[in-house]
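Down below is the structure, laid out as structure tokens.
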Amino acid sequence: MAHVAPTSGGMMGRVRANRAARPTRTPDLFDERVHTAGRYGIPVVLGLLYGYWAAANRRGGGEITGWNILFGFVTAAAWIVLCIAVATFAPLLRRELHSLVKSAFAGASIGFLYSQTGESVLRSAALGVAVTAGIFLVFFYRYYTREDAVGNRIR
């Protein structure tokens, strides 16, 4: 059988050249409507769960009252607005503040939920600060390794 002798560069040289020319971004499978629905739908669903959780913590296993339901919906509405604001404006900040804003929102959310169980304010604040510190380390590492100092993604 006859085989083609390899040449300098050969087939692999052409493949590597084509890979370098193509963008490395993953394909976008969804259109803009799906992204918009997700951008607002996910915080709404999570906010409703958060409001239910806060109301359940506040009643402590007792009976469900109208005030308890109102508290859950008001908590959910406030959480949804804050979540959308953080998701919209935090990426505009430098990576340090970006990490701090997102982690502070998470820590404050957990601290508020814990305060609804009847624990002291100091314990709730300590838990919120501990959660903020842990999440800050994770987010800062993520943004530090994927963005430059100005906030542009490293390609």
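So what is the relative contact order of the range 23-155, in percent, for Cα pairs below 8 Å that sit 6 or more residues apart?
For the range 23-155, the relative contact order is 22 percent.
Please work out whether the range 24-123 counts as rounded, prolate or oblate from its C-alpha gyration tensor, where a ≥ b ≥ c are the square roots of the eigenvalues and a/c under 1.5 means rounded, while otherwise a/b larger than b/c means prolate and anything else oblate?
oblate
How large, in percent, is the carbon and sulfur part of the accessible surface of the range 40-155 at a probe radius of 1.4 Å?
71 percent
List the GluC sites (Glu not before Pro) within the range 36-120 that fall in a DSSP loop (any state other than H, G, I, E or B) and whose Cβ has at most 10 other Cβ atoms within 10 Å.
Glu63
The values are calculated or read from the model by the stated rules, or taken from the named source; none is laboratory data. Just so you know, these numbers come straight off a predicted model, no measurement behind them. Glycine also receives a Cβ, built like all others from the backbone with ideal geometry; neighbour counts cover every protein chain displayed. Areas reflect the complete protein model, heavy atoms only, side chains present, ligands, DNA and RNA absent. Shrake-Rupley method; radii C 1.70, N 1.55, O 1.52, S 1.80 Å.
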